[in-house]
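S.K.: Okay, here's the structure, questions in a sec.
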Amino acid sequence: MKERINQLKKQKNAIILAHYYTRPEVQEVADFVGDSLALSRQAASTDADIILFAGVHFMAETAKILNPTKKVLIPDLTASCSLADSCPEAEFAEFLQQHPGHTVLSYINCSAGVKALSDIIVTSGNALQIVNALPKDEKIVFAPDWNLGSYINRMTGREMVLWEGACHVHDQIQAQDVEQLRRFHPSAQVIAHPECPEHVLQLADFVGSTAAMLKHVAQSDQQEFVVVTEKGILYELRRQNPDKKFYALSDANGQGGGDCECANCKYMKYNTLENILSALETEQPELLMDQKLMEAARRPIERMLEMSKK
Ligand code: 13P
Ligand code: SF4
């Protein structure tokens, strides 16, 4: 299947973009694997004719918005994101009416409709940098992730008004599970994603996006890490750092809970070699979007790309 996928990519001038949370075999056929920020940049700059997005729906939407003349394929159109789904556009519009005069900052994990209602988009890779660049007294609404928003508030001393959305994967991670892993591996550093709740982040030695975690581990002298995010990232962590040890919440041998549903984003796993091959063969399902919606959603994403350093 991998061979056929690679042939079709060449034949059709297609590129596969994949997130770090996808299955290992999917990451292996990708031309580029990254966090949401890097994937957006890659989508904006590619000269391929077809972008196959192995991630979740809002990521493919972002690719289409940034490069609308490309054909964007999504192997499974139902690969949604619980965090994006926790902020329905109509309810968010009402919420904004209750907070006039606020700058609207939205995390990239939201629908195109919510993006269109926003002034600036952020990712976990650039949120602190973008918030710090805004005037100290600027009134801000932040959506949809309450955990990330409150982390930004704590780190910047802001009092952003927060929409109460959450990611079902990160929000369920418990401090006691992280503590258990730390007891088994006392010299390990704890690295965590900012979508986790505060009581979990308090246990972390490093907090950052998936790409920031990879960078931190590569530059660190530490040899062991407790990884507090979705388990898909372990593939790239282990590939880049074969001599270092990583302990995951889902990994029973590392003395984590061993519960497969723990730290597992089922939506990311909807991407398989089978449906990627089928999407490249048939050029379906294609992500189609309304022109006006794309234009409205592009503005805040471009603002993010201008404001965030490479
Ligand atoms: P990153 O941008 O850090 O890769 O995060 C995306 C995501 O969906 C986290 O749950
Ligand atoms: Fe969405 Fe959570 Fe999955 Fe990330 S891990 S894509 S935030 S559901």
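The values are calculated or read from the model by the stated rules, or taken from the named source; none is laboratory data. A quick note: this is a predicted structure, and the numbers were derived from the prediction, not measured. Cβ sites come from the backbone with ideal geometry, for glycine too, and all protein chains shown count toward neighbours.
S.K.: Among the listed residues A60, A79, which satisfies the condition of being farther than 17 Å from R298 by Cβ, under 14 Å from the mean Cα position of the chain (by Cα), in contact (Cβ under 8 Å) with a residue 60 or more places away in the chain and not in a strand (DSSP E or B)?
M.R.: Within the list A60, A79, the selection yields A79.
Table: residues versus (1) assigned to a strand (DSSP E or B); (2) crowded, with 18+ Cβ neighbours inside 10 Å; (3) β-branched (V, I, T).
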position	(1), (2), (3)
D177	no, yes, no
Q180	no, no, no
R183	no, no, no
S187	no, no, no
I191	yes, yes, yes
P194	no, yes, no
A204	no, yes, no
F225	yes, yes, no
E230	no, yes, no
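S.K.: Shifting gears a bit: Name the single residue that is farthest from L8 (Cα to Cα) among those in the stretch 247-281 being aromatic (F, W, Y) and modelled with pLDDT of 95 or more.
M.R.: If we take residues in the stretch 247-281 being aromatic (F, W, Y) and modelled with pLDDT of 95 or more, then Y267 is farthest from L8 (Cα to Cα).
S.K.: Same structure, new question: Against the definition (at pLDDT 95 or above, under 18 Å from F58 (Cβ atoms), of a type in the set (A, V, I, L, M) and away from ligand 2 (no atom under 16 Å from the Cβ)), how does A296 come out, yes or no?
M.R.: Values: at pLDDT 95 or above: yes; under 18 Å from F58 (Cβ atoms): yes; of a type in the set (A, V, I, L, M): yes; away from ligand 2 (no atom under 16 Å from the Cβ): yes.
Spelling it out, A296 is indeed at pLDDT 95 or above, under 18 Å from F58 (Cβ atoms), of a type in the set (A, V, I, L, M) and away from ligand 2 (no atom under 16 Å from the Cβ).
S.K.: Now for a separate question. Of N147, N132, which residue is away from ligand 1 (no atom under 16 Å from the Cβ) and closer than 21 Å to E198 by Cβ?
M.R.: Just a single option satisfies the conditions, and that option is N132.
S.K.: Also, quick follow-up: Which one of the conditions (1) assigned to a strand (DSSP E or B); (2) more than 16 Å from ligand 2 (Cβ to nearest atom) does R41 fail to meet, given that it meets all the rest?
M.R.: Result: R41 passes all but (1).
S.K.: Further question on the same structure: Taking only pairs six or more apart or across chains, which ones have beta-carbon atoms under 8 Å, a first residue in the stretch 198-223 that is of a type in the set (S, T, Y), and a second residue that is away from ligand 1 (no atom under 16 Å from the Cβ)?
M.R.: S220/Q189
S.K.: Here is a follow-up. Look at the stretch 44-57 and say how many of its residues are surrounded by fewer than 24 Cβ atoms within 10 Å (Cβ to Cβ) and either within 16 Å of ligand 1 (Cβ to nearest atom) or not in a loop (DSSP other than H, G, I, E, B) (or both).
M.R.: Counting residues in the stretch 44-57 that are surrounded by fewer than 24 Cβ atoms within 10 Å (Cβ to Cβ) and either within 16 Å of ligand 1 (Cβ to nearest atom) or not in a loop (DSSP other than H, G, I, E, B) (or both) gives 4.
S.K.: I'd like to verify a number: residues in the stretch 162-175 that are within 17 Å of V200 (Cα to Cα) and surrounded by fewer than 18 Cβ atoms within 10 Å (Cβ to Cβ), how many?
M.R.: 4
S.K.: A follow-up question, please. Could you list, in sequence order, the residues of the stretch 119-161 that are surrounded by fewer than 18 Cβ atoms within 10 Å (Cβ to Cβ), in contact (Cβ under 8 Å) with a residue 60 or more places away in the chain and assigned to a loop (DSSP other than H, G, I, E, B)?
M.R.: If the condition is that a residue be surrounded by fewer than 18 Cβ atoms within 10 Å (Cβ to Cβ), in contact (Cβ under 8 Å) with a residue 60 or more places away in the chain and assigned to a loop (DSSP other than H, G, I, E, B), then D119 is the only one that fits.
S.K.: Could you list, in sequence order, the residues of the stretch 28-40 that are within 16 Å of ligand 1 (Cβ to nearest atom) and either within 15 Å of A279 (Cα to Cα) or in contact with a Gly (Cβ under 8 Å, 6 or more places away or on another chain) (or both)?
M.R.: Going residue by residue through the stretch 28-40, those that are within 16 Å of ligand 1 (Cβ to nearest atom) are 30, 32-40.
Once the filter is applied, which keeps residues that are within 16 Å of ligand 1 (Cβ to nearest atom) and either within 15 Å of A279 (Cα to Cα) or in contact with a Gly (Cβ under 8 Å, 6 or more places away or on another chain) (or both), the stretch 28-40 yields A30, D35, S36, L37, A38, L39.
S.K.: Restricted to the stretch 71-101, and to residues that are loosely packed, with under 13 Cβ neighbours inside 10 Å and among the polar types (S, T, N, Q), which residue is farthest from K139 (Cα to Cα)?
M.R.: Of everything passing the filter in the stretch 71-101, T78 is farthest from K139 (Cα to Cα).
S.K.: Also, I was wondering about something else. Scan the stretch 206-223 for residues that are surrounded by 18 or more Cβ atoms within 10 Å (Cβ to Cβ) and among the acidic types (D, E) and report the count. Break it down into steps so the answer makes sense when it comes.
M.R.: Within the stretch 206-223, the first condition is being surrounded by 18 or more Cβ atoms within 10 Å (Cβ to Cβ), and the residues that meet it are 207-214, 217.
Retained after the next criterion (residues that are among the acidic types (D, E)): none.
Total satisfying the criteria: 0.
S.K.: Quick one: count up the residues across the stretch 102-119 that are within 16 Å of ligand 2 (Cβ to nearest atom) and either closer than 20 Å to E138 by Cα or touching a Leu at 6+ places or on another chain (Cβ under 6 Å) (or both).
M.R.: As a first pass, look at the stretch 102-119 and keep what is within 16 Å of ligand 2 (Cβ to nearest atom): 106-112, 114-115.
This time we only want the ones that are either closer than 20 Å to E138 by Cα or touching a Leu at 6+ places or on another chain (Cβ under 6 Å) (or both), so: 106-107, 109, 112, 115.
Qualifying residue count for the region: 5.
S.K.: D177 - would you say it is within 16 Å of ligand 2 (Cβ to nearest atom), charged (D, E, K, R) and farther than 23 Å from Q129 by Cβ?
M.R.: No: the conditions fail for D177.
S.K.: Let me ask something else about it. Would you be able to tell me the number of residues in the stretch 1-34 that are touching a residue at least 60 places away in the same chain (Cβ under 8 Å) and closer than 18 Å to Y270 by Cα?
M.R.: Summing the residues that are touching a residue at least 60 places away in the same chain (Cβ under 8 Å) and closer than 18 Å to Y270 by Cα in the stretch 1-34 gives 17.
S.K.: OK, next. Return yes or no: is F246 surrounded by fewer than 22 Cβ atoms within 10 Å (Cβ to Cβ), more than 14 Å from ligand 1 (Cβ to nearest atom) and more than 22 Å from G34 (Cα to Cα)?
M.R.: Answer is no for this residue.
S.K.: If you check A90, A84, which single one turns out to be within 14 Å of ligand 1 (Cβ to nearest atom), in a helix (DSSP H, G or I), farther than 20 Å from A212 by Cβ and not aromatic (F, W, Y)?
M.R.: Of A90, A84, the one residue that is within 14 Å of ligand 1 (Cβ to nearest atom), in a helix (DSSP H, G or I), farther than 20 Å from A212 by Cβ and not aromatic (F, W, Y) is A84.
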